[in-house]
Amino acid sequence: MTNYDVFNGDTDGIFARHQLRLALPLDTINISGVKRDVNLLRHVEAVEGDLVTVLDISHAKNRKDVLRILESGAKVEYFDHHDPGELIEHPNITYHINTEPNVSTGLIVNSHVNGKNRLWSIATAFGDNHMDLAMNMAKSENLNEDQIILLKQIGLVVNYNSYGQTIEDLFYSPEEIAEAARACGSDIFKFLEQGDIFSTLLENFNADMSSAVCQEPFSISKNGVIYTLPNEAWTHRIMGSFSNHLVSTNKNLACAIAVLNSDGTYRISVRSSINNPHGAGNLCGNFGGGGREKAGGINNLPASDMNTFKEEFDKVFS
């Protein structure tokens, strides 16, 4: 019997998986990728008796491979907060899915394991930009201000590390981050001691964010802003974090960050406003992307469609 853990390469995927395995240890083959590589189940060649645990990747985007894995006789356990599309009725699959806007996969796992090692799920909430929720959870743990700041920074920089077109674009692969988390055990603050990972990510995060806030918007409306950024390494790295920063600093604002790809298309990160966290995933779905109510993305929007995207963005978030 082989156990597979398949998880998104961002904070939510990596730390949700870590919290689950702290509570329910298993020897696993780990499969992950950059944040936008959501078709990860294509890499799983399971057979009868295997267990495939999936965390924080779209069921809708992987449904064909979920069916294939189930037909092999393997069992599947699915933890996620994205719109799953059509669920599969099969005795070998167990779903733990909650699509409420202010829920991360880490919080779903936190509930599943009855709050064991809860600080890891708080980091996922910070990484997924559930700032008020994460702050309230952190305060309930009687953490001091310095500990809360560190927890927030860990969540933010691991999430920042997940953005790239390929694994080679990242400072550290998701598997390296997962191994660093494993070395911490239950103590998330030991993450600061895992080589140069934290210091490297924090330094580059701060530098890239400083560059991002100096950019001029492509479009501004009452409730939304769109940025178009050039095809540079730092713009691909910071797009998700910059999106989260914009909506966190103005809770009535929705935003889209469009970064030029090498083929002339745009990769876009969309965030609904915090005060009205709906519409991002459906908007992106209309342009070949996807996501959830609060956040979505498009991998390859033709430049000729940018004005149409702007019109639809304005309609959704007006």
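The values are calculated or read from the model by the stated rules, or taken from the named source; none is laboratory data. Predicted, not measured: the structure shown is a model, and the values here were computed from it. Using ideal geometry, Cβ is built from the backbone for each residue, glycine included, and neighbour counts are taken over all protein chains shown. Surface areas here come from the heavy atoms of the whole protein model, side chains and all, with no ligands, DNA or RNA. Shrake-Rupley method; radii C 1.70, N 1.55, O 1.52, S 1.80 Å.
Those residues that are touching an Asp or Glu at 6+ places or on another chain (Cβ under 8 Å) and at pLDDT 95 or above, I need them from segment 263-278; list them, please.
Ser272
Taking Ala134 as the residue in question, decide whether it is within 17 Å of the chain's Cα centre (by Cα) and either touching a residue at least 60 places away in the same chain (Cβ under 8 Å) or closer than 17 Å to Glu293 by Cα (or both).
Values: within 17 Å of the chain's Cα centre (by Cα): yes; either touching a residue at least 60 places away in the same chain (Cβ under 8 Å) or closer than 17 Å to Glu293 by Cα (or both): no.
So Ala134 does not fit the description; no.
Only one of (1) among the hydroxyl-bearing types (Ser, Thr, Tyr); (2) in contact with a helix residue (DSSP H, G or I) (Cβ under 6 Å, 6 or more places away or on another chain); (3) over 24 Å from Val34 (Cβ atoms) fails for Ser140. Which number is that?
Status for Ser140: all satisfied but (2).
For segment 104-111, indicate whether the set of residues that are within 24 Å of Asn250 (Cβ to Cβ), open to solvent by less than 10 Å² (accessible area, probe 1.4 Å) and in contact (Cβ under 8 Å) with a residue 40 or more places away in the chain is non-empty. First the steps, then the outcome.
Applying the first criterion (within 24 Å of Asn250 (Cβ to Cβ)) to segment 104-111 yields 104.
Filter once more, keeping what is open to solvent by less than 10 Å² (accessible area, probe 1.4 Å): 104.
Now restrict to residues that are in contact (Cβ under 8 Å) with a residue 40 or more places away in the chain: 104.
Yes, that holds for at least one residue.
Looking at segment 135-182 only, could you name the residues that are buried (at least 21 other Cβ atoms within 10 Å of the Cβ) and basic (Lys, Arg)?
None; the set is empty.
For segment 205-212, check the following and say yes or no: at least one residue is under 23 Å from Ala125 (Cα atoms) and acidic (Asp, Glu).
yes
Going by the structure shown, is Leu26 modelled with pLDDT of 95 or more and open to solvent by less than 40 Å² (accessible area, probe 1.4 Å)? Give the steps one after another, and end with the answer.
Numbers: modelled with pLDDT of 95 or more: yes; open to solvent by less than 40 Å² (accessible area, probe 1.4 Å): no.
For Leu26, the condition - modelled with pLDDT of 95 or more and open to solvent by less than 40 Å² (accessible area, probe 1.4 Å) - is not met.
For segment 29-72, how many residues are of a type outside the set (Val, Ile, Thr), at pLDDT below 95 and assigned to a loop (DSSP other than H, G, I, E, B)? First the steps, then the outcome.
Initial filter on segment 29-72 (of a type outside the set (Val, Ile, Thr)): 30, 32-33, 35-37, 39-43, 45-46, 48-51, 55-56, 58-65, 67-68, 70-72.
Narrowing further to those that are at pLDDT below 95: 35-37, 39, 58, 60-61.
Checking which are assigned to a loop (DSSP other than H, G, I, E, B) leaves us with 35-37, 39, 58.
Of the residues in that region, 5 qualify.
Just to be sure, is Phe191 aromatic (Phe, Trp, Tyr) and open to solvent by 30 Å² or more (accessible area, probe 1.4 Å)? Talk me through it step by step, then tell me what you get.
Details: aromatic (Phe, Trp, Tyr): yes; open to solvent by 30 Å² or more (accessible area, probe 1.4 Å): no.
So Phe191 fails the test.
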